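Structure first, commentary second.
The values are calculated or read from the model by the stated rules, or taken from the named source; none is laboratory data. Everything numeric here is computed off the predicted structure, so don't read it as measured data. Heads up, the Cβs are rebuilt from the backbone with ideal geometry, glycines too, and the neighbour counts pull from every protein chain shown. Keep in mind that these areas ignore ligands, DNA and RNA; they rest on the heavy atoms of the full protein, side chains included. Shrake-Rupley method; radii C 1.70, N 1.55, O 1.52, S 1.80 Å.
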Amino acid sequence: LYNPPPNKPSVPTVEYSPELSYSALEIVWVLNLESDVVGYNVYRSTSANGTYEKLNRLDISLLWHLDDTSGFIEETTYYYKVTAVDDAGNESEMSDYSSFLYNPPPAKPTGVTTVEYLYGSETTWYANTESDIDGYNVYRSTSANGTYGKINSSLITYYLYDYDNAGLIDGTTYYYKVTAVDDAGNESEM
């Protein structure tokens, strides 16, 4: 009885996981049409034509896989391929690869404090330790969990920002958050 392996899956898409932010990549592919496909395997390499390492121990029955980025090297491209497995254990050829340049945004700044003066305010924070920091943005809101609007017009290149309080409402508490931006334009969380 001839039982050929499944067709190779579609090219997967690879992006940061929306639920896990920058700590994991989400690899997603399209369902194979064969009725006997019972799972998939996901493979990763640091070279398009290099050796691909299987990431999962058991066949994946879903159409996605999360890859933890904690051991990843910045400015490195990772390549992903997927195979389909049928109920007889036959594995398809690998899909064409999808690549992802791992360049996560900076860590969010810490030690943010704001001091108000008669006509202005000063927000300070600890400088980020990443070597590729291009600058910082300062955001303000009237609610701790509300919507924050950026108050600087261009990147702040130091870890201190003085600004005018014109237009602020007396008796209102204002909240400030800071983000870091790297030289690739990636902005950290607040």
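Points worth noting:
- All of (1) modelled with pLDDT under 90; (2) in a strand (DSSP E or B); (3) of a type in the set (Gly, Ala, Ser) hold for residue 99 with one exception: (1).
- Among residues of region 111-129 that are on the phi > 0 side of the Ramachandran plot and hydrophobic (A, V, I, L, M, F, W, C), none has a Cβ under 6 angstrom from a residue that is open to solvent by 30 Å² or more (accessible area, probe 1.4 Å) and in a loop (DSSP other than H, G, I, E, B) at a sequence gap of 6+ or on a separate chain.
- Residue that is in contact with a strand residue (DSSP E or B) (Cβ under 8 Å, 6 or more places away or on another chain), small (Gly, Ala, Ser) and farther than 22 Å from residue 186 by Cα, where the choices are 61, 99: 61
- Among the residues of region 171-185, those that are of a type in the set (Gly, Ala, Ser) and either buried (at least 19 other Cβ atoms within 10 Å of the Cβ) or under 13 Å from residue 142 (Cβ atoms) (or both) comprise 171, 180.
- Residue check, residue 62 open to solvent by 80 Å² or more (accessible area, probe 1.4 Å), free of Cβ contacts under 8 Å to residues at least 40 places away in the same chain and assigned to a strand (DSSP E or B): no
- Residue among 101, 62 that alone is out of contact with any Asp or Glu (no Cβ under 9 Å at 6 or more places or on another chain), of a type outside the set (Val, Ile, Thr) and more than 30 Å from residue 160 (Cα to Cα): 62
- Residue that is outside any loop (DSSP other than H, G, I, E, B), under 30 Å from residue 188 (Cα atoms) and of a type outside the set (A, V, I, L, M), where the choices are 26, 19: 26
- Qualifying positions in region 65-96 - under 21 Å from the mean Cα position of the chain (by Cα) and either surrounded by fewer than 18 Cβ atoms within 10 Å (Cβ to Cβ) or assigned to a loop (DSSP other than H, G, I, E, B) (or both): 66, 68, 69, 70, 71, 72, 73, 74, 75, 76, 77
- Enumeration of residues in region 122-150 that are in a loop (DSSP other than H, G, I, E, B) and either touching a Ser or Thr at 6+ places or on another chain (Cβ under 8 Å) or closer than 15 Å to residue 187 by Cβ (or both): 125, 126, 128, 130, 132, 142, 147, 148
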